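Q: This is the structure I want to talk about, given as C-alpha cells.
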2 protein chains.
Amino acid sequence: MLTIGSLARKTGTKVQTIRYYEQIGLMPEPGRTEGGQRRYGDDELDRLAFIRHARQLGFSLEAIRELLDLSDHPHRPCLEADAIARRQLKQVEQRLARLEALRIELQRMVHECSGGQTADCRVLEVLRDHSECLTDHDEIGA
Amino acid sequence: MLTIGSLARKTGTKVQTIRYYEQIGLMPEPGRTEGGQRRYGDDELDRLAFIRHARQLGFSLEAIRELLDLSDHPHRPCLEADAIARRQLKQVEQRLARLEALRIELQRMVHECSGGQTADCRVLEVLRDHSECLTDHDEIGA
DNA sequence: GGTTGAACCTCTAGTAGCTTGAGGGTGTAA
DNA sequence: TTACACCCTCAAGCTACTAGAGGTTCAACC
C-alpha cells in the first residue's frame, strides 16, 4: 500500500496534482486509513503512470479521459484510440512548423541586433514592423 | 478615429482581448465618445500591432511590457531588449527539441496501430508501458 | 506510553491569457 | 423613428495545475 507521497515520487507527479486528478474524476477515490489518509495499490499506480505519460505526450486531460475509457473496454475496436493519437500527432506537427518559423524570425532579430541604443534596436524594429513578419496571423496560444 | 471593433479587425485581435489589455495596463485608456464608447488613434493601433506581433512570437505579456517600456525610451542601451529576445529564442529552441521527440514517439504509436481491438492497441500499449518512452520525465506544460 | 516531525488532510485562492455570458446602452443609416 | 449592429460593464469560466493556511495523522524513537 502506497501513501500519496510515495505514489507521487514513483510517478513524478506532485501530491496536489494527484488529489486534483481525483477531484476531476480522472483518478478513482482510493481507500483510506482509519485516520483518513489515502492509500493506493498497483492499479492506481498504473493508471497514474498512464495519465502522466499521456500528459508528457501533450494529450489533454479530456483526451486522456477518452483513452482511459477505451483502455477499460478491451474488446471495442481501437479506431478511436488511433484517431485520438493521430489528432495529437497532427497538432504536434503543426506546432513544430509554427515554432520553427518563430525560431527563424527570433534568430534573425537577435543576430541583427547591433548592441546600440534602443532607438536603433533591430529587435524592437522587427516587432514594430509587422510587414517583415514571416508568420501567419492566427498563431498565439502555442 | 477607430472603434474598438475596427481596431480589433485591423489587428486580428478580439474586442474583449483589447479591453483585457487595457485592464491589465498593457494598452492605455483611450478617449471616449460622449456615450462612453472607446475611440482609438494610430498610436494605439501601432501599440496593439506590436503587442500582437510579440505574442505571435511567443513573448509573455510580462516580456512585452518590458519591451514596450524599452521602446518608449529610445536612448537607453538596447542590451535588455536583446536579452529578452535571446531568452525567448532559447525557450523556443527547447520547445522545438521536446516537440520533435514527442512527434517521433507519436508517429511510432500511430504507425504500429493494427486497427484491431483495443486489447491489442499499440497506442494504448505504448501509453501503458513507460519503459519504451523516449522523453524525459519533466516535460508537460509544452 | 509519550513525543517529535514529516507527511498527510481540506479548503480557498491564485496563475496565464484570455473567452463567454448576462443584461443593458449607443451610434448610424434608412 | 425605428431597426440593429455594435458597444458597455461586471462576473464567471476555461486548462492544468500550484501554493498556502490551518489543522490532523502516522511511524519511529526513547
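The values are calculated or read from the model by the stated rules, or taken from the named source; none is laboratory data. This is a predicted model, so every value here is computed, not measured. Here the Cβ positions follow ideal geometry from the backbone for every residue, glycine too, while neighbour counts run over all protein chains shown. Surface areas here come from the heavy atoms of the whole protein model, side chains and all, with no ligands, DNA or RNA. Shrake-Rupley method; radii C 1.70, N 1.55, O 1.52, S 1.80 Å.
Q: Mind listing just one residue for me: the one in region A:84-130 that is among the basic types (K, R) and within 20 Å of B:C78 (Cα to Cα) and, of those, farthest from the other protein chains (Cβ to nearest Cβ)?
A: Here the residue is A:R108.
Q: Looking for something within 16 Å of DNA strand D (Cβ to nearest atom) and closer than 15 Å to A:L127 by Cβ - is there at least one such residue anywhere in region B:31-46?
A: The answer is yes, given that some residue of region B:31-46 is within 16 Å of DNA strand D (Cβ to nearest atom) and closer than 15 Å to A:L127 by Cβ.
Q: Within the set of pairs 6+ apart or on separate chains, which have a first residue in region B:95-106 that is under 19 Å from A:A101 (Cα atoms), a second that is among the basic types (K, R) and crowded, with 17+ Cβ neighbours inside 10 Å, and C-beta atoms under 7 Å apart?
A: Hits for this filter: B:L96/A:R103; B:L99/A:R95.
Q: When the residues of region B:114-135 are filtered to those that are over 12 Å from A:R55 (Cα atoms) and not in a helix (DSSP H, G or I), which remaining residue is modelled with the highest pLDDT?
A: Result: B:C121.
Q: Suppose we filter region B:15-56 for residues that are basic (K, R) and surrounded by fewer than 12 Cβ atoms within 10 Å (Cβ to Cβ); how many remain?
A: 1
Q: In region B:57-82, how many are within 17 Å of A:H111 (Cα to Cα), open to solvent by 50 Å² or more (accessible area, probe 1.4 Å) and either hydrophobic (A, V, I, L, M, F, W, C) or within 16 Å of DNA strand D (Cβ to nearest atom) (or both)?
A: Qualifying residue count for the region: 1.
Q: Would you check if there is a residue in region B:71-83 being under 24 Å from B:Q23 (Cα atoms) and either more than 8 Å from chain A (Cβ to nearest Cβ) or at pLDDT 85 or above (or both)?
A: Looking for residues that are under 24 Å from B:Q23 (Cα atoms) and either more than 8 Å from chain A (Cβ to nearest Cβ) or at pLDDT 85 or above (or both), one finds at least one in region B:71-83, hence yes.
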